[in-house]
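The values are calculated or read from the model by the stated rules, or taken from the named source; none is laboratory data. This is a predicted model, so every value here is computed, not measured. Here the Cβ positions follow ideal geometry from the backbone for every residue, glycine too, while neighbour counts run over all protein chains shown.
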Amino acid sequence: MASLLNKTFSAYNDPALLLGRILLSIMFAVGAYGKWMALNGFAGYLAKLGLPAPAILAPLTAVFETAVVIALLAGFQTRIAALAVAAFCIATALIAHMNFADGNQQIHFMKNLAIAGGALALFVAGPGAYSVDKK
């Protein structure tokens, strides 16, 4: 039975991988846009977290998120981008969302871990047929 299901649903692998890349990209696109539009505010937030050189780290983060959007949407260097996303999300969870007394922070922590898990699955699966990597 499992073999039949695997054979039946394997036809959807490439469209599902494309959709997964698009959905991950949307989240990072919104995040990057917000950072670019309020770079000073984001730098202030990073300073509040105690991170070094927030005025440098803020635009670097926005550049990273913008690059990830482009790479994931195009399916370019997808495995590297997915691995970078996973590392970024885990680091963000550990740096910015460790206040478990705040339910909102706990949700953000778990969300980041879930995104990292999805990114690791994309790292293993690859980009699928609808990608620059497969051309």
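Might you check whether a residue that is outside any helix (DSSP H, G or I) and either of a type in the set (Gly, Ala, Ser) or touching a helix residue (DSSP H, G or I) at 6+ places or on another chain (Cβ under 9 Å) (or both) occurs anywhere in the range 12-27?
Filtering the range 12-27 for residues outside any helix (DSSP H, G or I) gives none.
No, every residue in the range 12-27 fails to be outside any helix (DSSP H, G or I) and either of a type in the set (Gly, Ala, Ser) or touching a helix residue (DSSP H, G or I) at 6+ places or on another chain (Cβ under 9 Å) (or both).
Which residue pairs have Cβ atoms under 7 Å apart, sit 6 or more places apart or on different chains, and have a first residue in the range 3-22 that is farther than 20 Å from Val69 by Cβ and a second that is at pLDDT 90 or above?
Here the result reads Asn13/Gly128; Asp14/Gly128; Asp14/Ala129; Asp14/Tyr130, each pair linking the range 3-22 to a residue that is at pLDDT 90 or above.
Could you pull out the residue among Ala32, Ala47 that is at pLDDT 95 or above, assigned to a helix (DSSP H, G or I), under 21 Å from Asn112 (Cβ atoms) and over 21 Å from the mean Cα position of the chain (by Cα)?
Working: Ala32 fails: over 21 Å from the mean Cα position of the chain (by Cα).
Of the residues listed, the single one that is at pLDDT 95 or above, assigned to a helix (DSSP H, G or I), under 21 Å from Asn112 (Cβ atoms) and over 21 Å from the mean Cα position of the chain (by Cα) is Ala47.
Among the residues of the range 95-120 satisfying the criterion of being under 14 Å from Ile80 (Cα atoms) and free of Cβ contacts under 8 Å to residues at least 40 places away in the same chain, which is surrounded by the most Cβ atoms within 10 Å (Cβ to Cβ)?
Within the range 95-120, the match that is surrounded by the most Cβ atoms within 10 Å (Cβ to Cβ) is Ala116.
When the range 48-97 is examined, which residues are found to be of a type in the set (Gly, Ala, Ser) and more than 22 Å from Arg21 (Cα to Cα)? Show your work before the answer.
Filtering the range 48-97 down to residues of a type in the set (Gly, Ala, Ser) leaves 50, 53, 55, 58, 62, 67, 71, 74-75, 81-82, 84, 86-87, 91, 93, 96.
Those that are of a type in the set (Gly, Ala, Ser) and more than 22 Å from Arg21 (Cα to Cα): Gly50, Ala53, Ala55, Ala58, Ala96.
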